[in-house]
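Chemist: Structure below; questions to follow.
The values are calculated or read from the model by the stated rules, or taken from the named source; none is laboratory data. Computed from a predicted structure; not experimentally measured. Note: ideal-geometry Cβ built from the backbone for every residue, glycine included; neighbour counts use all protein chains shown.
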Amino acid sequence: MRVVAGLCVTLLLAACHPNGEDTGDTGDTGDTGDTGDTGDTGDTGVSVPLEGYGAISGDCGVLDEGEWGASDPFFFRNAITFDTAFDPILLSEGGQEVIEDDNLGGSSINSEAMAYEMLYRCELAVLLLTEGEVTYDNAGGKKTDLVLDIDSRRIGVSVTRAVEWPRDDPYTLEDAQDLLSKKLGDVLLSSENVSESDAWERQLLSVLAYTEEHAARLQEAWATQALDAVRANTGVMVTATGDGDAFIYENEW
């Protein structure tokens with residue numbers, strides 16, 4: 001396991017980040033996932049989002065004891081746009097480590113890095129393990145993408161993308177239900193498969209959505225009974241991506 005240089009304990013994060021970034025808390029808890037504004041966190045009193053690559057709006061700084069202290073699933077929704085071409089050097093130290101460590105296959109490393117960036121900048125997440133550093137009871141079984149510290153809790157994070165091919169094809173409610181059903185089911189399997197030494201308390205599913213319309217379909221799908229069997233106590237964070245987001249969806253298949 002690598003320790004991310006420059007990251008201190010949560011309350012000191014702003015002071016020790018090389019860009020002098022700070023963070024915070026806002027938004028409503030629960031299943032509905034109404035999009036709120038960025039603001040201040042009740043836990044630390046610092047504002048979110050942290051400075052970084054991309055402009056963030058929507059639910060940010062929303063994870064606190066209201067989520068972790070309950071056994072219910074939850075859904076939040078935010079957005080990010082980019083006005084500068086992607087370069088890993090623009091990411092936080094943790095985001096750069098995700099890129100450097102790569103993953104166990106596929107083409108999704110940029111989306112995993114951006115999922116981390118959103119949780120770092122909005123929820124003060126600290127990177128504990130990248131995908132290849134997590135150990136499992138069954139090496140061929142389901143796995144997660146990241147293990148983070150959020151609010152001093154060990155959280156597994158699975159990352160996926162909501163996009164069609166061609167990318168501009170309509171994204172339907174059925175598409176959103178199918179994606180969430182599959183990925184939430186995989187979350188439960190990976191939680192069963194992770195070794196005791198690397199086990200997490202809760203899991204988050206981070207979804208990078210190609211447009212706000214994609215994000216809206218996911219929020220609509222979340223409310224349907226079709227997902228009752230796989231929600232468990234998993235949290236879902238949907239991030240709609242906008243201008244300059246092509247690097248997230250390159251070679252998605």
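Chemist: When you look at N138, is it of a type outside the set (D, E), under 17 Å from S190 (Cβ atoms) and modelled with pLDDT under 95, yes or no?
Modeler: It is false that N138 is of a type outside the set (D, E), under 17 Å from S190 (Cβ atoms) and modelled with pLDDT under 95.
Chemist: Answer with yes or no whether A246 is surrounded by fewer than 16 Cβ atoms within 10 Å (Cβ to Cβ), over 12 Å from the mean Cα position of the chain (by Cα) and at negative phi.
Modeler: It is true that A246 is surrounded by fewer than 16 Cβ atoms within 10 Å (Cβ to Cβ), over 12 Å from the mean Cα position of the chain (by Cα) and at negative phi.
Chemist: Among the residues of the range 97-135 satisfying the criterion of being part of a loop (DSSP other than H, G, I, E, B) and modelled with pLDDT under 95, which is surrounded by the fewest Cβ atoms within 10 Å (Cβ to Cβ)?
Modeler: Ranking the qualifying residues of the range 97-135, first place goes to G105.
Chemist: Continuing with the same structure: In the range 41-65, how many are within 20 Å of Y210 (Cα to Cα) and surrounded by fewer than 20 Cβ atoms within 10 Å (Cβ to Cβ)?
Modeler: 2
Chemist: A115 fails exactly one of the following numbered conditions: (1) of a type in the set (A, V, I, L, M, F, W, C); (2) in contact with a helix residue (DSSP H, G or I) (Cβ under 8 Å, 6 or more places away or on another chain); (3) under 18 Å from L208 (Cα atoms). What is the number of that condition?
Modeler: (2)
Chemist: For the subset of the range 190-213 comprising residues that are closer than 26 Å to G69 by Cβ and among the aliphatic types (A, V, I, L, M), which member is surrounded by the fewest Cβ atoms within 10 Å (Cβ to Cβ)?
Modeler: Among those residues, the one meeting the criterion is A199.
Chemist: Among the numbered criteria (1) modelled with pLDDT under 95; (2) under 16 Å from the mean Cα position of the chain (by Cα), which single criterion is violated by R77?
Modeler: (1)
Chemist: Examine the range 82-90 for a residue that is of a type in the set (S, T, N, Q), within 22 Å of R154 (Cβ to Cβ), touching a Phe, Trp or Tyr at 6+ places or on another chain (Cβ under 8 Å) and modelled with pLDDT of 95 or more, and state whether such a residue exists.
Modeler: Checked against the condition, which is being of a type in the set (S, T, N, Q), within 22 Å of R154 (Cβ to Cβ), touching a Phe, Trp or Tyr at 6+ places or on another chain (Cβ under 8 Å) and modelled with pLDDT of 95 or more, the range 82-90 yields no hits at all.
Chemist: Run down V194, V126, V163 and say which single residue is touching a residue at least 60 places away in the same chain (Cβ under 8 Å) and in contact with a Leu (Cβ under 6 Å, 6 or more places away or on another chain).
Modeler: Going through V194, V126, V163 in turn, the sole match is V126.
Chemist: Another question, then. Those residues that are buried (at least 17 other Cβ atoms within 10 Å of the Cβ) and in a strand (DSSP E or B), I need them from the range 150-187; list them, please.
Modeler: Matches in the range 150-187: I150, I155, G156, V157, S158, V159, T160, R161, A162.
Chemist: Return the total of residues in the range 214-232 being loosely packed, with under 15 Cβ neighbours inside 10 Å and within 18 Å of the chain's Cα centre (by Cα).
Modeler: Residues in the range 214-232 being loosely packed, with under 15 Cβ neighbours inside 10 Å and within 18 Å of the chain's Cα centre (by Cα): 0 in total.
Chemist: Right, here's the next one. Identify the residue in the range 28-65 that is modelled with pLDDT under 55 and within 16 Å of the chain's Cα centre (by Cα) and, among all such residues, is farthest from V236 (Cα to Cα).
Modeler: T35
Chemist: If the requirement is being over 18 Å from the mean Cα position of the chain (by Cα) and modelled with pLDDT of 95 or more, which of these qualifies: S181, S191, S197?
Modeler: S197
Chemist: Output the number of the condition that W68 fails; it satisfies all remaining conditions of (1) surrounded by fewer than 13 Cβ atoms within 10 Å (Cβ to Cβ); (2) of a type in the set (A, V, I, L, M, F, W, C); (3) modelled with pLDDT of 95 or more.
Modeler: That leaves (1) as the condition not met.
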